[in-house]
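Structure first, then comments.
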Amino acid sequence: QVQLVESGGGLVQPGGSLRLSCTGSGNIRSISVMGWYRQPPGKQRELVATIGRRVGNTNYADSVKGRFTISRDNAKNAVYLQMNSLKPEDTDVYYCYAGGTYDYWGQGTQVTVSS
């Protein structure tokens, strides 16, 4: 089992920045990919960004390329999402993801972009 705890969500004005953090505990050795997803109301959960264990192995949704940056600290079992130039359409609940033998999800953190 792997437990994921997120932090860093909140309310920000359009054009602002937020940094999400997620720390994992438990059977971390089974995890290869970590990342972030978001789920708009009434829709399926969608990819925001993922990162593998190797440096440079990242994947981003087209809608966030150039604005969001994912990073990972394997020593701390942590993954981060730096979100810049935020737009109202980025408003969502963001979920931390860890995948390997099984898939694991955090509890979600609300990001609201509004003036």
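The values are calculated or read from the model by the stated rules, or taken from the named source; none is laboratory data. Note that the structure is a prediction, hence the values are computed from the model and not measured. Ideal geometry is used to build each Cβ from the backbone, glycine not excepted, and the neighbour counts take in all protein chains shown. The area values use the complete protein model at the heavy-atom level, side chains included, leaving out ligands, DNA and RNA. Shrake-Rupley method; radii C 1.70, N 1.55, O 1.52, S 1.80 Å.
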Original post:
Has segment 39-53 got any residue that is touching a strand residue (DSSP E or B) at 6+ places or on another chain (Cβ under 7 Å), open to solvent by 20 Å² or more (accessible area, probe 1.4 Å), free of Cβ contacts under 8 Å to residues at least 24 places away in the same chain and assigned to a loop (DSSP other than H, G, I, E, B)?
Top reply: yes
Original post:
Going through segment 91-107 one residue at a time, which ones are assigned to a loop (DSSP other than H, G, I, E, B) and open to solvent by 20 Å² or more (accessible area, probe 1.4 Å)?
Top reply: 91, 101, 102, 107
Original post:
What about residue 64, is it within 13 Å of the chain's Cα centre (by Cα) and surrounded by 15 or more Cβ atoms within 10 Å (Cβ to Cβ)?
Top reply: yes
Subject >> One residue from 20, 4 being part of a strand (DSSP E or B), open to solvent by less than 20 Å² (accessible area, probe 1.4 Å), among the aliphatic types (A, V, I, L, M) and touching an Asp or Glu at 6+ places or on another chain (Cβ under 8 Å) >> reply: 20
Subject >> Residues (open to solvent by 50 Å² or more (accessible area, probe 1.4 Å) and either assigned to a strand (DSSP E or B) or within 20 Å of residue 14 (Cβ to Cβ) (or both)) located in segment 73-90 >> reply: 82, 84, 85, 87, 88, 89
